[in-house]
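Data first, discussion second: the structure below is written as structure tokens.
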Amino acid sequence: MGALEEILQRHPVWRGGALAQGAQAIPSGFAALDDELPGGGWPRQGLTEVMADDPGIGELALLLPAFAGLTSSGKRAIWIAPPHIPYAPALAAGGVDLANLLIVQSPGRRDALWATEQALRAASCHALAAWLPKARYAELQRLAVAAQVSRAAAFIFRPLAARAESSPACLRLALEPAGSALAVHLFKRRGSPLASPLHLPLERPFHVLGRASLPRPAGDDARPARRLGLPVHA
């Protein structure tokens, strides 16, 4: 046995073509997906980019088991700048403890970026989803650094066109509808890209965002969301 091979066997050295081992992760709730993710689930201490063009194809249903597991165990989750009002009954039916889910409204792109970074740097945040369709590389880099010092699972929603851009995210997914399933393209992970998409079955209904736009913060504007039982920070 050569000296290099001995080192590779005795120490946890990651080889680029194989999935990274020992990564901190949260089970996704989908066995087929966990088998393809380093650490066997959604990464902690790193950004996950979720790309889709059509809201409501199941992008949140993909994340719902992880958010349900965390919030039901008393962990705080934060959603920042969702494009529509979260539908509380569907979230509760999916196992999310609404008392541990905070919805943050933001009047603009910079406010959403600032709130995302602050949430990641807060020790009380264990999972985060932020809708940042126009985030730039330098801005994502700041979020990636914040995520690395956090124990949170951080998901950034962006359009499919962002797939052509460079990104500091450690995991990047592109989503497309596939009948009653969701096609998940894993084109960046700590390991070689997945050659073909995964087709994950989704339980219907999987619309957890309403079609009405989330009201912008201004005094009593937060009342409709509060009537749904969701803590709202304006």
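Would you check which residues across region 45-55 are within 22 Å of Ala81 (Cβ to Cβ) and open to solvent by 20 Å² or more (accessible area, probe 1.4 Å) and list them?
If the condition is that a residue be within 22 Å of Ala81 (Cβ to Cβ) and open to solvent by 20 Å² or more (accessible area, probe 1.4 Å), then Ala52, Asp53, Asp54, Pro55 are the ones that fit.
Provide a single number: the residues in region 66-108 that are part of a loop (DSSP other than H, G, I, E, B) and either of a type in the set (Gly, Ala, Ser) or farther than 21 Å from Lys134 by Cβ (or both).
Qualifying residue count for the region: 11.
Please state which of the following conditions Gln24 fails to meet, knowing it meets all the rest: (1) over 17 Å from Leu128 (Cβ atoms); (2) of a type outside the set (Gly, Ala, Ser); (3) surrounded by fewer than 19 Cβ atoms within 10 Å (Cβ to Cβ); (4) at pLDDT below 90.
(1)
How about region 56-79: which of its residues are open to solvent by 10 Å² or more (accessible area, probe 1.4 Å), touching a helix residue (DSSP H, G or I) at 6+ places or on another chain (Cβ under 6 Å) and among the aliphatic types (A, V, I, L, M)?
Correct list: Ile78 only.
Within region 109-118, how many residues turn out to be open to solvent by 30 Å² or more (accessible area, probe 1.4 Å) and either part of a loop (DSSP other than H, G, I, E, B) or hydrophobic (A, V, I, L, M, F, W, C) (or both)?
1
Considering only residues that are at pLDDT below 90 and either touching a Pro at 6+ places or on another chain (Cβ under 7 Å) or of a type in the set (S, T, N, Q) (or both), which ones fall in region 194-208?
Let us first name the residues in region 194-208 that are at pLDDT below 90, namely 194-195, 202-208.
Passing the criteria: only Val208.
Could you say which residue among Pro133, Pro82 is crowded, with 20+ Cβ neighbours inside 10 Å and under 15 Å from the mean Cα position of the chain (by Cα)?
On the way: Pro133 fails: crowded, with 20+ Cβ neighbours inside 10 Å.
Criteria check complete, one pass: Pro82.
Please verify whether region 29-42 includes one or more residues that are under 22 Å from Leu120 (Cα atoms), open to solvent by 40 Å² or more (accessible area, probe 1.4 Å), without any contact (Cβ under 8 Å) to a residue 60 or more places away in the chain and touching a strand residue (DSSP E or B) at 6+ places or on another chain (Cβ under 9 Å).
Checked against the condition, which is being under 22 Å from Leu120 (Cα atoms), open to solvent by 40 Å² or more (accessible area, probe 1.4 Å), without any contact (Cβ under 8 Å) to a residue 60 or more places away in the chain and touching a strand residue (DSSP E or B) at 6+ places or on another chain (Cβ under 9 Å), region 29-42 yields at least one hit.
The values are calculated or read from the model by the stated rules, or taken from the named source; none is laboratory data. Note that the coordinates shown come from a computational prediction; the quantities given were computed from them, not determined experimentally. Quick reminder, even Gly has a Cβ in these numbers, built from the backbone with ideal geometry, and neighbours come from all protein chains shown. Heads up: the accessible areas ignore ligands, DNA and RNA and are worked out on the full protein's heavy atoms, side chains in. Shrake-Rupley method; radii C 1.70, N 1.55, O 1.52, S 1.80 Å.
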